[in-house]
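Asks: Structure provided below as structure tokens; questions to follow.
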Amino acid sequence: MTHPFPPLVEAYLADLDRALEGADPRERSETLAAVREHTREALALRGSDDDAVRHLLEELGPVDSIAAAAGTPAPAPASGPPLADTLLVALSVVSLVLFIVPLFAVGTVVWAGARLRAAAGDRSRQKTALVIGVVALVAFLAVLVSHYVATA
């Protein structure tokens, strides 16, 4: 009859199981079984009080290290927003500052619309650029209309 592990060990084993998701199924199964067996033996020798459990988990090390040793690829590092979307927001700000030259605003609106339709990149930055571009176009049109009204 097998006794359940302490909650810290159960959490560690669940984390290890998740970290091994990309591993070969046989390798994953063997690694989990080996860690469970080692943990069961260590707890039988040392006891299952909190200090013994923490010491055991420190000895085992991070689950990512075990997963890497089992051949699981490391998770890809989180990357920032694509450069294109950062440039898009910068262009939209330029179009707002230089609203007298509508070419920037038109370019921003077209580029942001195309990026949004392609569903690629950082959608919040694309929407921000689109809104700023439209505001710049409206400002240009307001100046243009007020100029024609004033000269008429």
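The values are calculated or read from the model by the stated rules, or taken from the named source; none is laboratory data. Note that this is a predicted model, so its numbers are computed, not measured. Here the Cβ positions follow ideal geometry from the backbone for every residue, glycine too, while neighbour counts run over all protein chains shown. Protein only, heavy atoms only, side chains kept; ligands, DNA and RNA dropped before computing areas. Shrake-Rupley method; radii C 1.70, N 1.55, O 1.52, S 1.80 Å.
Asks: Can you tell me how many residues within segment 1-17 are touching a residue at least 40 places away in the same chain (Cβ under 8 Å) and assigned to a helix (DSSP H, G or I)?
Replies: 5
Asks: Only residues that are farther than 14 Å from A69 by Cα, open to solvent by less than 60 Å² (accessible area, probe 1.4 Å) and assigned to a loop (DSSP other than H, G, I, E, B): list them for segment 22-55, please.
Replies: Across segment 22-55, the qualifying residue is only G47.
Asks: Hey, V138 hits all of (1) in contact with a Phe, Trp or Tyr (Cβ under 7 Å, 6 or more places away or on another chain); (2) exposed (fewer than 13 other Cβ atoms within 10 Å of the Cβ); (3) modelled with pLDDT of 85 or more but one; which does it fall short on?
Replies: (1)
Asks: Does A19 satisfy the criteria of being open to solvent by less than 30 Å² (accessible area, probe 1.4 Å), out of contact with any Phe, Trp or Tyr (no Cβ under 7 Å at 6 or more places or on another chain), among the hydrophobic types (A, V, I, L, M, F, W, C) and at pLDDT below 90?
Replies: Here the answer is yes, as A19 does meet what is asked.
Asks: If you don't mind, there's one more thing I want to ask. Read through the list (1) over 30 Å from R26 (Cα atoms); (2) at pLDDT below 80; (3) surrounded by 11 or more Cβ atoms within 10 Å (Cβ to Cβ), then give the number of the only condition that G80 fails.
Replies: So G80 meets the others, but not (3).
Asks: Output the residues belonging to segment 19-44 that are under 27 Å from the mean Cα position of the chain (by Cα) and in contact (Cβ under 8 Å) with a residue 12 or more places away in the chain.
Replies: Within segment 19-44, A19, L20, E21, G22, A23, D24, R28 qualify.
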